[in-house]
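To start, the structure itself, in structure tokens.
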Amino acid sequence: MENTEVAQRVGRLVRRHPSDSARLKRQATTMAAIGVMAFTCGTPVLGAVIGGSEGGLVTVVFLLATGAISLGLSIRHFVLARRAEDESFDVHEQGLVHRTATTVTVVPYDAITKVEAMSNTSVLLPKVWGTDYMCFISTHDSGCIGINTFTHDVRGLAQTVHAAVHRGHRPPVPGPS
């Protein structure tokens, strides 16, 4: 969908909220390194336990589980980073546009039924998963757009869309610079 067609449907662009694929890639690389180190340390300990050494079973389980979980998370984050490379959520005068490398979804504010934001401030795991702050935007056609903390200023995006949908406060278009 061309920018002129989008502008005709939802007005001019107010601001763009791109997804942070670089942050996802950094986290994926770190998790992969942790996973490899855990397996590297756990494999000799496993060999010793199988060879008849006393104890070490808890250490083996811990290291191999850490390795498996870390490598699984790294794969997940690499996949998410690939999807997020060209992804953005664009706030327009009269609606939201979700862009990916292959699709453009235009959602006028009038088509949005609910904007629900959730904050999870527990220690570490939500930050790793990108779920320490989530926003779900539901539409009349039962669609749902999920936005997480890997999107720049997700809180500001959620507040802007919520104000536009539930209070009728449309986002102001920046003036000429």
- Mind checking which residues of segment 81-122 are open to solvent by 40 Å² or more (accessible area, probe 1.4 Å), of a type in the set (Val, Ile, Thr) and either closer than 17 Å to HIS17 by Cα or touching a residue at least 60 places away in the same chain (Cβ under 8 Å) (or both)? THR103, VAL104, THR105
- Considering each residue of segment 60-71, count those that are open to solvent by less than 40 Å² (accessible area, probe 1.4 Å) and under 14 Å from THR29 (Cα atoms), and give that number. 2
- Item | Top-ranked residue in segment 140-176 [being among the basic types (Lys, Arg) and assigned to a loop (DSSP other than H, G, I, E, B); ranked as nearest to SER21 (Cα to Cα)] | ARG170
- Query: Considering only residues of segment 1-59 that are assigned to a loop (DSSP other than H, G, I, E, B) and modelled with pLDDT of 85 or more, which is least open to solvent (accessible area, probe 1.4 Å)?
  - Reply: GLY11
- For segment 141-171, how many residues are under 17 Å from SER119 (Cα atoms) and basic (Lys, Arg)? 1
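The values are calculated or read from the model by the stated rules, or taken from the named source; none is laboratory data. As the structure is a prediction and not an experimental result, all values here were calculated from the model. Don't worry about glycine lacking a Cβ; one is built from the backbone with ideal geometry, like all the others, and counts go over all protein chains shown. The protein model used for the area step is the full one, side chains on, heavy atoms only, and it has no ligands, DNA or RNA in it. Shrake-Rupley method; radii C 1.70, N 1.55, O 1.52, S 1.80 Å.
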